[in-house]
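Heads up: the structure comes next, in structure tokens.
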Amino acid sequence: MDKQGGESRRITLHAPEDFAGMRRAGRLAAETLDMITEHVRPGVTTAELDRILHEFMLARGAVPATLGYRGYAHASCISVNHVVCHGIPGERVVAEGDVLNIDVTPLLDGWHGDSSRMYVAGTPSTKARLLMDVTYEAMMRGIAAARPGNTFGDIGHAIQSYAEKHRFSIVRDFCGHGIGRQFHEPPNVLHFGRPGEGPVLKPGMFFTIEPMVNAGRPEVKILDDGWTAVTRDRSLSAQFEHMVGITEAGCEIFTLSPAGLHKPPYGA
Ligand code: MF3
Ligand code: CO
Ligand code: CO
């Protein structure tokens, strides 16, 4: 979501029984991302990938939450190379070496799943591979900091410090978000920050961690379609997104891949 989301509302504390609904929605998001892996190859269009994703979610009894969301008309966001996020599926033909983020959001029995991963058509450049590895690890370090008593600033700091250590930059214009019965709700989950700052994490909070990391500068611009966010310097950008629920002991990741397809290369 964009950083303008209101922080005035309170952060929902979900009941223990609400974890079951999120587990199912999150698992479906992960299965959808698993399923699409073999379809990402040179020659396919992003519209075709979106059609396959859409059919899969419908067949599992879910509706893509993006359909009709603020006028968005597709089942997924597919962001290629220097597209940071919210890439609109269309007639673009995927080429050898392209790196794609695919983001899906199935709404299943009233609960939202939301997850994204990177994919490669063919073989990535050394730089693209490093960017994807660092972005994945940054997300996982943020998740490792997601436990009761820590703050959202601890999560942001873990992500930012790891990405910047590798001389990459964190996009500031988009953030993670609370999720559950709503697609986007408080808080904004920043992917940068300082230890100890921000709200304290409590059991029952459900939110996404979805860092966007650029190989060059952090600035983005939105294209005339009103959605597509690209790096201003046209440098490569990568993103991964997991959805977590805070437990007494730490957190549960709702969107783990059942097939073990966490990051590229998948089965190469
Ligand atoms: N899935 C995106 C997120 O993680 C939101 C996409 S909204 C859309 O927050 F309208 F662009 F699809
Ligand atoms: Co999200
Ligand atoms: Co998403």
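Every read-out reported here was derived from the displayed coordinates using simple, explicitly stated rules and does not represent laboratory data. Note that this is a predicted model, so its numbers are computed, not measured. Because the Cβ atoms are built from the backbone with ideal geometry, glycine has one as well, and the counts that use them run over all protein chains shown.
Please specify each residue of segment 132-191 satisfying the condition of being touching a residue at least 60 places away in the same chain (Cβ under 8 Å), more than 17 Å from the chain's Cα centre (by Cα) and either assigned to a helix (DSSP H, G or I) or closer than 16 Å to ILE246 by Cβ (or both). Those that are touching a residue at least 60 places away in the same chain (Cβ under 8 Å), more than 17 Å from the chain's Cα centre (by Cα) and either assigned to a helix (DSSP H, G or I) or closer than 16 Å to ILE246 by Cβ (or both): ARG147, PRO148.
Screening GLU48 on (1) in contact (Cβ under 8 Å) with a residue 40 or more places away in the chain; (2) over 16 Å from GLY122 (Cβ atoms) shows it passes everything except condition (1). Looking across THR66, THR12, THR32, one residue alone is in contact with a Ser or Thr (Cβ under 9 Å, 6 or more places away or on another chain), among the polar types (S, T, N, Q) and in a loop (DSSP other than H, G, I, E, B). It is THR66. Only residues that are closer than 19 Å to PRO64 by Cβ and small (Gly, Ala, Ser) were counted across segment 76-123, and they come to 8.
The selection criterion, being part of a loop (DSSP other than H, G, I, E, B), basic (Lys, Arg) and at positive phi, holds for ARG234.
Evaluation of THR135 against the conditions (1) under 16 Å from PRO211 (Cβ atoms); (2) more than 16 Å from ligand 1 (Cβ to nearest atom); (3) buried (at least 22 other Cβ atoms within 10 Å of the Cβ) shows that the sole unmet condition is (2). Consider segment 196-210 and keep the residues that are within 12 Å of ILE155 (Cβ to Cβ) and away from ligand 3 (no atom under 16 Å from the Cβ). The one that is surrounded by the most Cβ atoms within 10 Å (Cβ to Cβ) is MET205.
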